[in-house]
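**Q** My structure is below; once you've seen it, I'll send some questions.
The values are calculated or read from the model by the stated rules, or taken from the named source; none is laboratory data. Quick caveat, the model's predicted, so the values are computed rather than measured. Using ideal geometry, Cβ is built from the backbone for each residue, glycine included, and neighbour counts are taken over all protein chains shown.
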Amino acid sequence: MKMVLKKNLHFPLLTLLLIVTSCLVTSAVFAQIKFTAHVSYNTVARDQALQLEFVLEGAESADDFTAPSFTGFNILQGPAYGSYFSVNNGDVTKGLNITYILMPQKPGKLVIDAARVKVKGKIYRSNSVTINVLNELSGKSNNTIVTVPPLPGMRNNRPANPDNKELILRKGEDPIAKIQKNLFVQVEVNKQTCYEGEPIVATYKLYTRLRSVSRVTKRPSFNGFSVVEMTQPENMDFHPDQLNGKPIYSTILRKVQLFPLQSGQLTLEPVEIASQVRFLKAGDKPKNNNSIDDLFNDFFDDEMLNGETEEHNLTLQSKPLTITVKPLPEAGKPVNFNGAVGKFTIQTALNNNNVTANENGTLKVLVEGKGNLSMINTPVINWPRGIEGFEATARENIDNSTIPISGTKTFDYPFTVTEKGKYEIPAVSLSYFNPETEKYETVNSAIVSFAVNKIAEKKAPVVSKDYPQEEESFIDKAKNFYDDTLKGEWWWPAIVFLLLIWGGYQWRQKIKLSRAKNELKRLMEEENKEDFAEAVPLTEGVITTFNTDPLDKARQQLKNNNSIGFYNELHNAVWSFLQQKYQLRPTEMNKKAVSDKLKADLFGENIVTGFIQILNTCELALYTPVHSQEEMYQLLQQAETFIKTIEHKII
């Protein structure tokens, strides 16, 4: 009798297993496939990013996916592929998702067309989506949007990778503590101790194991450093990484070389991000005293997903980092040392060996190597007797990807020779501090020898018959009047007469100059930029005493619509112009020192404010993924006006 009972008990258990297996197979075979498109916002400002997600429900894989054209949008990130798994009242749903982050290009109603996907030879189309883009700013255009791609999906309710468990929020678990453990930003440096002028590499990275959307809300400041950008990604994609031996995803927010301008303890201030994190909620394991349900639950993990999600918003920031900057040693410092730190060579040559007297020649001095090239000042030339040298111009060709930065800096020295003969330009020396050997080193160029065999003839000015000759000047007229009329005993009234006329003339010129200055100040204080542009029209370039257009590279980047390159070149151009204009030392290459010099040069507060605004806009733009041509052009105009004002002493 007992034997019969055991056989009868095995039969219903086997039946239940067959029923469950049949249900699962039937559900998989007859699952309905859906392909839909969803957006985070249907109405956005013209500078606001949105998330677009294509969801393929009821299929574990797809043969082919064709995205729409995204007309009217820029793709900031994507496509990011992921998979999902959910259980709802015993129904198993599996699917795929494809995510994009988009930025509208213009206001208006923009339509995102349907996407296509092929599953087992059959093509499915998603719905189209209409986005209403407002012609206004959100007030958050300076915030960089970064989105973590979906982590690998789950199978049988068990994460394929142990780290994916962090996506699930279990009952009683503290979400904030979990976020702080698995989502953080930090700054990493290649060294924390260096010499003044020796570069350090600082990398700001965002690490995560969570599904999140983050944006930079506060950029780090680098007070006391000269900054050279190395990496400024336009699309901040996350990649698998390792941290303390554990897998994690990371992306680089910013990577720079920092050249200390002074010794002491300098602090790298934190970067701040605002993040939105979404968890999958785990519920209690259902106990219905139902043999089929219990068997189904035992088939999966101990933790059941209830299909709900939970979102949290919080602000995170990296920890401040202190850099110890050692002063350059005084022992052995050469007399001609001017702040060069690294390892360099120097060469000299004439642009034309056939120098003619009374015509301009050019001496080229080429400094090449690795280190703080941008902060190397103009080398001193000991011109021999018979040669008159003039102020040099400088240009750079720098590779920012090397550590330290490498490249060349060329100085062009115009000069003239007045007589025939043989000449020698002495060797040009450059002293620098080598942080590898911790010693000062000096390099010298070769001596430049040349001969002047002919003298250029001075051509008499040609007076065109179509134009009257220049009238006799006031001083010439007065002199002739004295020679012809006031000689002898009349000399003293002639002097008095001339002094009175000259004083009246100077007084009149002073009144005119004062009125012109007041009128220009009034125009510069006008709020309407268009009115100011009409009153003081800007040319196609800026010609300075350095005989070059300092904004030429920035203008070329604007023409190529390269926003990152434009703001970098504009930032460097303003600093380079001021460095040459005021012969700034490395320790003076900061906003406060330059502001003090401008004020000491009697420039008004509006000029100083404009200078700081230009630099702040360029630095802030490094975090903004999209810029309009109009914004960049307006900033270029502002920089042109600033340089012209400083160059021509318009106070």
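**Q** Being more than 22 Å from the chain's Cα centre (by Cα) and outside the structural domain of Asp47 (by TED's automatic domain parsing) narrows it down to one residue among Lys581, Lys559, Lys591; which is it?
**A** Answer to the check: Lys581.
**Q** Can you tell me which residue within region 155-199, out of those that are in contact with a Lys or Arg (Cβ under 9 Å, 6 or more places away or on another chain) and aliphatic (A, V, I, L, M), is modelled with the lowest pLDDT?
**A** Leu167
**Q** For region 205-256, how many residues are in a strand (DSSP E or B) and in contact (Cβ under 8 Å) with a residue 12 or more places away in the chain?
**A** In the first step, residues of region 205-256 are kept if they are in a strand (DSSP E or B); the result is 205-208, 211-218, 225-231, 239-243, 246-256.
Then drop every residue that is not in contact (Cβ under 8 Å) with a residue 12 or more places away in the chain, which leaves 205-208, 211-218, 225-231, 239, 241, 243, 246-256.
The total comes to 33.
**Q** Right, next: Across region 566-594, what is the total count of residues that are assigned to a helix (DSSP H, G or I) and closer than 23 Å to Glu391 by Cα?
**A** Residues in region 566-594 being assigned to a helix (DSSP H, G or I) and closer than 23 Å to Glu391 by Cα: 15 in total.
**Q** I'd like to check something: does region 55-64 contain any residue that is farther than 28 Å from Asn97 by Cβ, of a type outside the set (Gly, Ala, Ser) and modelled with pLDDT under 80?
**A** No.
**Q** Return yes when Tyr440 is of a type in the set (Phe, Trp, Tyr) and at pLDDT below 90 and no when it is not.
**A** Here the answer is no, as Tyr440 does not meet what is asked.
**Q** How do the strands (runs of 3 or more DSSP E) wholly within region 325-397 filter down when requiring 2 or more residues that are at positive phi: which remain?
**A** Hits in region 325-397: 360-371.
**Q** Please state which one of Met236, Met230 is modelled with pLDDT under 80, touching a strand residue (DSSP E or B) at 6+ places or on another chain (Cβ under 8 Å) and hydrophobic (A, V, I, L, M, F, W, C).
**A** Checking each option against the conditions leaves just Met236.
**Q** Here is a check on your reading of the model: is Ile612 within 30 Å of Thr217 (Cβ to Cβ) and modelled with pLDDT of 85 or more?
**A** Values: within 30 Å of Thr217 (Cβ to Cβ): yes; modelled with pLDDT of 85 or more: yes.
It is true that Ile612 is within 30 Å of Thr217 (Cβ to Cβ) and modelled with pLDDT of 85 or more.
**Q** Another one. Using the structure shown, decide if Lys599 is closer than 30 Å to Leu328 by Cα, surrounded by fewer than 16 Cβ atoms within 10 Å (Cβ to Cβ) and in the same structural domain as Lys553 (by TED's automatic domain parsing).
**A** For Lys599, the condition - closer than 30 Å to Leu328 by Cα, surrounded by fewer than 16 Cβ atoms within 10 Å (Cβ to Cβ) and in the same structural domain as Lys553 (by TED's automatic domain parsing) - is not met.
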